[in-house]
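Worksheet: the structure to be examined is printed underneath.
The values are calculated or read from the model by the stated rules, or taken from the named source; none is laboratory data. Everything numeric in this text was worked out from a predicted model, so none of it was measured. Using ideal geometry, Cβ is built from the backbone for each residue, glycine included, and neighbour counts are taken over all protein chains shown.
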Amino acid sequence: MIAYTIRRALIAIPTLFIVLTITFVLIRIAPGDPAEVRLGDYASKEAVEALRKEMGLNKPIWIQYLHTLKDLLQGDFGRSMVNGRPISKDLIRSLPYTLELTLVGIIFGAVFGIPTGVYTALKRNTLADYIGRILSLGGLSFPTFYLGILLMLAFAIKIPIFPVVGAGDFSNLTKNFYHLFLPGLTLGLIMTAYVTRMTRSSVLNILNEDYVRTARAKGLTERKVIYIHLLRNALLPITALIGIYAIVLIGGSVMVEIVFSRPGLGKMMIGALKQRDYTTLQAVMITFTSFVVLINLITDLMYGLIDPRVRYK
Amino acid sequence: MKGIKMAFITVLVVGVFLFLGAPWALGADREVLRISFDAGDILDLHPHFAHTTQDRGVVHLIFTGLVRYKAGDIGKFEPDLAERWEVSKDGLTWTFHLRRGVMVHPWKDNPGYELTSEDVVYSFKSAADPKRSAWAAEYAGMTFEPVDKYTVRFTLQKPISELLFLPKVADYAGGLIIPKKPAEELGEGFRTHPVGTGPFIFNKYLPKEKIVTVRHEKFYRGVPKLAGVEVFFMSDLSSRKFGLQNKELDVIEGPPSQPWVEEMQALPGVKVNVFGPGESGVLHFNMTKKPFDDIRVRRAIAYALSRDEVATAIGKAIAEAVYSEIPNPQPGWITRDELVQRGKKDKKDYLYAPDRKKVKKLLTEAGFPKGFTTEISLTERGEYQVPMQNVVAQLRESGINVKLNVVDHATYHSNIRKDMNTIVLYNCWRPTADVRLTHFGHSSSIVVTGKKPITNFSHVGAVDADGDGKVDNVDSLIESARDMLDAKEQLAHWKEIQFKLLDWCIAYPVFIKRFTFARQDYVDWGYDLKSTLILSPQINELTRTTK
Amino acid sequence: MKQPSMRGKILRTFFRNKTSIIGACISLVMFLIAILAPWISPYDPLKQNVYYRLTPPERSHLLGTDEYGRDVLSRIFTGAQISFLVSVISVALGMVIGTALGVIGGYAGGRVETGLMRLLDIIMSFPDEVFGVMVMIVLGPGMENVIIAITVLMIPRFARMGHAPTLAIKEVDYIASAKSIGASGFRIIMRHILPNIFGETVVMSTLWLGTAIRLEASLSFLGVGVPPPTPTLGNMVRMGVDFLAVAPWVSVFAGLAILISIFGFNLLGDGLRDITDPKLYAR
């Protein structure tokens, strides 16, 4: 198991590295000059050049790359090109908002999605199943931002229960909750749709397996059949798909953050994009990717734990 | 069934609780004015660099100048840090006498100190240094020296009128005074921890969230009525609106948009301020790129456009048509009637009122009977998008297709300065008519190829504008107007220059759009807000909340 | 558990067919709208009438007008056309390039295969919207660039689909006749593989068409899609958000069009998948 863990971890590192390089290169090729953004259109050419020099933008790309790499290895994400603040601070401030949102999304999705998936699988081809499938398909088809907008329109604008935008801070938990509700609901509903479908198909696959029929033939109660045999064996494909869903979750959280103007990583990324803040953009991309790589790693490890055969591939 | 019933009741109870609890949970504060700008964060709080609305908004809480524009009225100057001033007979020496007892804000461990001429001289030397100021050009050729503790002398190389000199020492841009001790001590840190002499003291900066300032008890014009000002960054329009509705904000910046103004005015307890001077929008034609080198094409575009429609697209409450390069209400501007009168006298058309027949005739003469296509880059920002989208739609009716290549704001400014566009829409306000005419009409300001490129996008002064084979140039007119000391003569000269530019149709002035801010009705600015240079309502020692 | 009843069996058959049929109908209607947009639009989608802006739905403007006074219904028709155009081209290009890469990679084997698959995996490891935004930032705005961005996101999906069967057939072929693999090997593999994955490709293309539409809308909503004044369903929602309180019809109807389109394609694809996938329907 340890060898397996190390193997998977080692693969994760080059992935991160490649992503960093791609991000770095892509962002540098992009048009727009952060020094000009900082000084505005009334500034003199000399002032712009001076700032470029200060930002290190006039050095050749590969030197900038090496600097970035060196700093990253020391855990320093550098300073924002737009306001000179250390990015790590901003990252740490934004992270909790994204985390609480994605957490709500996952939990909501799991709590409502798994039972629904199981239920519709068991009641296959009945009306309940039909409705469940249409609903979850509907959920999948709903663009995340549109669902957010509709919920915002209904429960924050037309009927002003919840605040429209913003996030509240962690010192006032009630306020935080109010700001989290609609975004969390949006993401949660989308994730529920995904989880339902996935659970349903996993369960269906297993329902036809011999050992289930055997268990039933043995006369075990329905409940026992479900919980003991079904779920335990469905766990494997579910685990495998968590990796994919983490990606959907992150993408979804970015859209939700933009719609509801929550100060999380997604908003940080789009803001950095608009201001041509190369360093911040890079830092956010790396953070996102680290999450994905981490989740994939955990998924791989869980996979290895559950199914020993995988370890020896 | 039982489970479902329980669930239903729970949901009902929770729903009621949420509904009732909402306003209580979201709370409200008083005594401290909370204002929000359309921005994600500040860029730079150093007054000699700050140029965005939000940066200027913060900077003007913290700094003041020798002279100030009267609060709410940029047409008048008043003494501020300086009690009085004189200018020598030859116009080359200006002497300012400082007020006594002006206390610099406390910072870090320093409790503050009295401002003297040493600080003022330091500030102007810094403002004149291109490495430490974005407006160094304003002070080129000037020297500054302290005469005694409370007297400062400015020495110029050429005399200029008071109209052109006072803006340089007013509470705006380079004229804002940065005290020597904190500036030197904080160095780069000054950009995010400004220390000045204004009514409010910088307290803290929470990146991407807000700036907190507190009352300066020793402010020389009087103790401010507000306990402090908090400046929030919210680049999302809805955020700001609902912040206002929930009474979490007292003042918010608005877009130059009529529907928004109407929406705000309909809210209970909310008032909207639309104020000037605003920024004028002018379409500049690049005469070095075909087919804009042909005066008939340029005039065709002018005749194809209805200024009124563009202004309406922005919003009648906010924008109106302008007919000259110098916009209303800047000294030197030309009214519609004046244009028509003068046009009759000269037998020329300076107005270019919409006329489809003339468009067709001119285009056909120029060789484009069916119209033509051109491609330009444009910034994504709303205040450019809204008028330009309308201009494009209008031109389309005449067969002129303008393809828009939308880029981010910084790239747009970079592109147009690289002479890439055939048509350039530029929104701005310039402190004086001289600055504007120089920037947009003098040959040395021509982008890329000029001696000192600024924003002369049309290349006027270096090309043949009217097709008579000779280069058309207003350089000497601009320069002589600048040196005039008699105000009436100066104004007349400036108008002459504009008539020429209109005749050559190097640019088409379209609109002036004012600024929009919404506030709670309990916010009282303390003065009559008609116009302000800093793009947002000034919050000073007289501003207060009446509850 | 009871055996599937007669009712269940009938329902299942109905469902199977019904889903596909409804999905097909919806998709067809949306396609027709997209194709016929110029002819069925009551107004010119680009013509502004600023004196008549943000009016609610009424007889002369069935879905109201937007902030420039343009007819929302006409803009939705044209917007659908643009959105569909972008999506169809992206999926088609992605299919051709992606399948080719998957097959080539599988056939080539060795480091080429590993490198290629690794790269594609990395692309897939980004959330779609995030990657799309990055590509658009580099390329700049414009319809062609949106197509490129979405195509790049489609390629790994199709590549994976072509990869596995290639490996399988390569094995068989290799074992069966080691000598005859030469210049013709590639063609043999193609002839075996393409028909094999045809069914799956059609099904997945339908589903991924929905994904492409959603992507275009998301990119436009984030401000990096097709720029105005060209209407796309996504950028209409974006522009409408500023007026959500006073004129929700712009965003609501444009978003609804997106939802219906994606839903139609998903229904169709799902139904097709159910029909062609025997496992789920054993007994």
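Okay, here's what the table says:
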quantity	calculated
Residue that is more than 10 Å from every other protein chain (Cβ to nearest Cβ) and either aromatic (Phe, Trp, Tyr) or under 22 Å from B:Arg381 (Cβ atoms) (or both), where the choices are A:Thr287, A:Thr280, A:Thr299	A:Thr280
Count of region B:365-375 residues which are in contact with a helix residue (DSSP H, G or I) (Cβ under 9 Å, 6 or more places away or on another chain) and outside any loop (DSSP other than H, G, I, E, B)	3
Counted residues, region C:121-144 - those being within 12 Å of chain A (Cβ to nearest Cβ) and part of a helix (DSSP H, G or I)	16
Breaking point among (1) without any contact (Cβ under 8 Å) to a residue 12 or more places away in the chain; (2) in a helix (DSSP H, G or I), for B:Ala313	(1)
Qualifying residue in region B:497-507 (condition: among the small types (Gly, Ala, Ser) and surrounded by fewer than 19 Cβ atoms within 10 Å (Cβ to Cβ))	no
Residue list for region B:18-48, restricted to those being at pLDDT below 90 and farther than 25 Å from B:Asn273 by Cα	B:Leu18, B:Phe19, B:Leu20, B:Gly21, B:Ala22, B:Pro23, B:Trp24, B:Ala25, B:Leu26, B:Gly27, B:Leu43, B:Asp44
Selection count where residues are assigned to a loop (DSSP other than H, G, I, E, B), within 23 Å of B:Asn427 (Cβ to Cβ) and either among the β-branched types (Val, Ile, Thr) or in contact with a strand residue (DSSP E or B) (Cβ under 8 Å, 6 or more places away or on another chain) (or both), scope region B:223-276	5
Scope region B:503-520; condition under 23 Å from B:Gly278 (Cα atoms) and not in a strand (DSSP E or B); matching residues	B:Ile506
C:Leu62 being closer than 20 Å to C:Ala257 by Cα, surrounded by fewer than 19 Cβ atoms within 10 Å (Cβ to Cβ) and without any contact (Cβ under 8 Å) to a residue 40 or more places away in the chain	yes
Failed item, numbered, when C:Phe198 is tested on (1) more than 10 Å from every other protein chain (Cβ to nearest Cβ); (2) in contact with a Ser or Thr (Cβ under 7 Å, 6 or more places away or on another chain); (3) free of Cβ contacts under 8 Å to residues at least 40 places away in the same chain	(2)
Residue in region B:153-171 that is surrounded by fewer than 19 Cβ atoms within 10 Å (Cβ to Cβ), in contact (Cβ under 8 Å) with a residue 12 or more places away in the chain and over 24 Å from B:Trp494 (Cα atoms) present	yes
Test result for B:Leu533, surrounded by fewer than 20 Cβ atoms within 10 Å (Cβ to Cβ), touching a Gly at 6+ places or on another chain (Cβ under 8 Å) and over 30 Å from B:Lys347 (Cβ atoms)	no
Counted residues, region A:133-166 - those being within 14 Å of C:Ile262 (Cβ to Cβ), at the interface with chain C (Cβ under 7 Å from one of its Cβ atoms) and part of a helix (DSSP H, G or I)	6
Only listed residue being within 22 Å of the chain's Cα centre (by Cα), within 14 Å of chain A (Cβ to nearest Cβ) and aromatic (Phe, Trp, Tyr), chosen from B:Phe232, B:Phe242, B:Phe275	B:Phe232
Residue in region A:302-310 that is part of a loop (DSSP other than H, G, I, E, B), modelled with pLDDT under 75, buried (at least 19 other Cβ atoms within 10 Å of the Cβ) and at negative phi present	no
Scan of region A:113-132 for residues that are without any contact (Cβ under 8 Å) to a residue 40 or more places away in the chain and assigned to a helix (DSSP H, G or I), ordered by number	A:Pro115, A:Tyr119, A:Leu127, A:Ala128, A:Asp129, A:Tyr130, A:Ile131
Meets criteria (of a type in the set (D, E, K, R), part of a helix (DSSP H, G or I) and more than 9 Å from chain A (Cβ to nearest Cβ)) for C:Glu113	yes
The lone exception for C:Gly132 - which of (1) crowded, with 19+ Cβ neighbours inside 10 Å; (2) more than 21 Å from the chain's Cα centre (by Cα) it fails	(2)
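For (1) closer than 29 Å to B:Pro167 by Cβ; (2) touching a residue at least 60 places away in the same chain (Cβ under 8 Å), each residue gets a yes or a no:
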position	(1), (2)
B:Val407	no, no
B:Val424	yes, yes
B:Leu437	yes, yes
B:Val463	no, yes
B:Asp468	no, no
B:Ser480	yes, no
